[in-house]
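Asks: If you scroll down you'll find the structure; I have some questions about it.
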Amino acid sequence: MRAASPLITDAHDRVRSLYGSVIGRASHEVVTPALVIDRDVLLGNLSYMQSRLPELHARLRGHVKNHKSPHIARLQLEYGAFGLCAATIWEAIVMVRAGADDVLVANQLVDPAKRRAAALLAREANVLVNVDDAGDVEALSAAAVTAGSTIGILVEVDTGMHRAGVDSPDEALAVARRVQDLPGLRMDGLSGYEGHCSLELDPEVRHQKQAAAMRYFVEVADHLESNGIPCPVLSAAGTATAFWTGADPRVTELQLGSYAAMDDYHFLMEPRFSKATSAVVTVISRRRDRLVVNLGKKTFGAADVGNLPAYPRIVGHEGLKPYRFDEEHATYEADATCDLRVGDVVDFHLGYTPFAVNYFDAYHVVEHDTVVDIWPIMPRGPLDGGLLGMLEAEAVP
């Protein structure tokens, strides 16, 4: 792992200059709402995952969409991950600048600017991209040839999530053959995230769905290999299916991210990891039958995920029933038995961390309830934030 670039160190310096005055103070003394990550809990999650890797067939590719933190990504690499996985090319650029030398963009990059960014980034790191369309493959090839780089390609297979991905073994074969025929591309294998399994609370049913998804995934790989196209990489899994999919002798890498920071949603299915991330909030209104804290949808994101309850809970008062979530307010039903009053500062467990991190620009890092550092969250939102321009400026003619 390489040293972090000025892009990362400058971002760290910036958030420390903005929020660093609270370093050394208790977490409940920060200005609320604030995003907090408990470093000891985070390291405990990373250590546990690392301890389980020897019994698995697949290697760990740490996903970063869940935390968007170059600091956490570096820790994932220190604790067993061989590379990283990103949801956007902008995340991938940041993580290469954080020191990663192997990054998968588990998404289709059909925008010309994003293809250009991937091609430029592939000049300095091993960059892989998901594809499911021959036209996209041709455009990626042209971008790579123009940049003088090679982009690794994983043909994405729909294993049951019904999002992106080819729909049949024959379609996978056709796309893979196009990859093989074109310059600037390297046919590395298949990607088959079984995300639909993570919506199933019953572990037995979830395991059944996961097993069916991986049987089909391997069937597609067998079809390609029987037609002369090797698939050295079979990349799949999420935190809720990690240990089942990771034990499959055909799967080579796991795209895991939530295991690091966790949240209420993922904890429902994988309680062996602990919740490292929370928000610190203040009770701003207390009525006879309700209370309000100063954190709403513009801060923590959506209140549920799919068909699972993922609303945020107040730590120590988990039984409080949510009444309504507005832009800047979270309202809970609370009668006289609840002792919270206006001005009380509490911890707020996030329903779904990937939503929340898109609203905050930094983590308050705590150890033993004391703020010890501020870590930047980057990049946020759908735009590149100047990252493509940075790559262009650094490109060697």
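Asks: Please sort 233-242, 25-34, 103-112 by packing, taking for each peptide the average over its residues of neighbouring beta carbons within 10 angstrom, highest first. Display every interim value, and only then the final one.
Replies: Numbers: 233-242: 25.6, 25-34: 17.2, 103-112: 20.3.
Final packing ranking: 233-242, 103-112, 25-34.
Asks: Here's a follow-up. Taking a ≥ b ≥ c as the square roots of the Cα gyration tensor eigenvalues, with a/c under 1.5 meaning rounded and otherwise prolate when a/b beats b/c, else oblate, which class fits the range 202-275?
Replies: Numbers: a/c = 3.76, a/b = 2.06, b/c = 1.82.
Here the range 202-275 falls in the prolate category.
Asks: Between the alpha-carbon centers of the range 356-397 and the range 131-198, tell me the distance in whole angstrom.
Replies: 28
Asks: Here is a follow-up. Ranking request for peptides 318-324, 114-120, 370-376, 188-194: highest mean number of other beta-carbon atoms within 10 Å first, then the rest in descending order.
Replies: Values: 318-324: 13.1, 114-120: 24.4, 370-376: 19.9, 188-194: 27.0.
So the order, starting with the most tightly packed, is 188-194, 114-120, 370-376, 318-324.
Asks: Expressed as a whole percentage, what fraction of the accessible surface of the range 61-210 belongs to carbon and sulfur atoms when a 1.4 Å probe is rolled over the protein heavy atoms? Walk me through the numbers before you get to the answer.
Replies: On the way: 2300 of 4890 Å².
Roughly 47 percent of what the probe reaches on the range 61-210 is carbon or sulfur.
Asks: Karplus couplings for the range 69-80 from phi (6.51 cos²θ - 1.76 cosθ + 1.60, θ = phi - 60°), rounded to Hz, Gly and Pro as x?
Replies: Karplus values, whole Hz, x for Gly and Pro: 10, x, 5, 5, 4, 4, 5, 4, 5, 5, 10, x.
Asks: Let me ask something else about it. List the aspartates and glutamates whose alpha-carbon lies under 12 Å from that of K321, not counting same-chain residues fewer than 8 positions away?
Replies: By straight Cα distance, K321 reaches D289, E333, D335.
Asks: Does the range 48-128 come out rounded, prolate or oblate, given a ≥ b ≥ c as the square roots of the eigenvalues of its C-alpha gyration tensor, rounded meaning a/c under 1.5 and, failing that, prolate meaning a/b above b/c? Walk me through the numbers on the way to the answer.
Replies: Working: a/c = 2.20, a/b = 1.94, b/c = 1.13.
It is prolate, given that a/c is not under 1.5 and a/b is the larger ratio.
Asks: Further, regarding this structure: With a 1.4 Å probe and all protein chains left in place, how much accessible area per residue does the chain have, in Å²?
Replies: Values: 15770 Å² over 397 residues.
With the other protein chains kept in place, the chain gives 40 Å² per residue.
Asks: Report in % the part of the accessible area of the range 347-394 that belongs to carbon and sulfur, leaving out ligands and nucleic acids; probe 1.4 Å.
Replies: Working: 1030 of 1920 Å².
Percent of accessible area from carbon and sulfur atoms in the range 347-394: 54.
Asks: Rounded if a/c is under 1.5, else prolate if a/b beats b/c, else oblate: with a ≥ b ≥ c from the C-alpha gyration tensor eigenvalues square-rooted, which is the range 327-373? Intermediate values should be presented prior to the final figure.
Replies: On the way: a/c = 2.62, a/b = 1.43, b/c = 1.83.
Cα axes put the range 327-373 in the oblate bin.
Asks: For the chain, find the longest principal axis of its Cα atoms and tell me its angle to the long axis of helix 39-52, 0 to 90°, nearest 10.
Replies: 40
The values are calculated or read from the model by the stated rules, or taken from the named source; none is laboratory data. Computed from a predicted structure; not experimentally measured. All Cβ positions, glycine included, derive from the backbone under ideal geometry; neighbour counts span all protein chains shown. Heavy atoms of the whole protein, side chains included, go into the accessibility calculation; ligands, DNA and RNA do not. Shrake-Rupley method; radii C 1.70, N 1.55, O 1.52, S 1.80 Å.
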